[in-house]
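J.: A single structure is presented below for examination.
The values are calculated or read from the model by the stated rules, or taken from the named source; none is laboratory data. Quick caveat: nothing in here was measured; it's all calculated off a predicted structure. With ideal geometry, Cβ positions are generated from the backbone for all residues, glycine too; neighbour counts draw on all protein chains shown.
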Amino acid sequence: MKNITIGHAGPNWRTSARARYYAERGDGDEYAFGATPADALKKLEEREAALFRRFDESLAEEIAFLALGAADVLKEHPGKSLDAHDGYMGFIGEVIRHAPLLSERWRCTDTEQFGGVWLYEVTERFGREWAEVLLNGTDINPSEQLESILDDVMEKRS
């Protein structure tokens, strides 16, 4: 999470007459103005919240199993620096953001042909393997990784 800076809005800023303070995240990644420091911070948080979609409960299972897989990998690499991912939460976030990809692929899957437990065999495995990809810094497409896993699972069933 990037730091928030709150300060006086200088004469070079184009703000409304009432705006005397600014709140800025990071190096101007997001900013807002207000009459008081609290007002500027509130407006910054409102702007940031508007950028993120609401939580889709239909993705809860995918998110949980992706996180389980990623957590298993982190147990295998104690002390591994996660600074490049903004720490533990950022790392897990980079894995679980693929939940819509897995959910959509499940919708397109012939469940009779698959015949397994998607969350255990595909989603959790994707979480493990994608965590390894992130830790190793390799350049792999997540869709291709998912298809590779699915092909492997289906081949084992044949």
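J.: For residues that are loosely packed, with under 14 Cβ neighbours inside 10 Å and of a type in the set (Asp, Glu), scanning just region 73-102, find the one that is farthest from Gly137 (Cα to Cα).
T.: Among them, the one singled out is Glu76.
J.: If you don't mind, there's one more thing I want to ask. Just the residues that are modelled with pLDDT of 90 or more and either more than 16 Å from Ile96 (Cβ to Cβ) or not in a helix (DSSP H, G or I) (or both), please, taken from region 31-77.
T.: Selection gives Lys75, Glu76, His77.
J.: In region 80-98, is there at least one residue being assigned to a helix (DSSP H, G or I) and farther than 26 Å from Lys2 by Cβ?
T.: Scanning region 80-98, I find no residue that is assigned to a helix (DSSP H, G or I) and farther than 26 Å from Lys2 by Cβ, so the answer is no.
J.: For region 4-30, give me the residue count where each residue is at pLDDT 80 or above and not in a strand (DSSP E or B).
T.: 0
J.: Find all pairs meeting these conditions: Cβ atoms under 6 angstrom apart; at least six residues apart or on different chains; first residue within region 125-140 and charged (D, E, K, R); second residue surrounded by fewer than 18 Cβ atoms within 10 Å (Cβ to Cβ).
T.: The qualifying pairs are Arg128/Asp72.
J.: Contact list please: Cβ distance under 9 Å, first residue in region 91-110 and over 17 Å from Arg128 (Cβ atoms), second residue outside any helix (DSSP H, G or I), pairs at least six apart or on different chains.
T.: Pro100/Asp56; Ser103/Asp56
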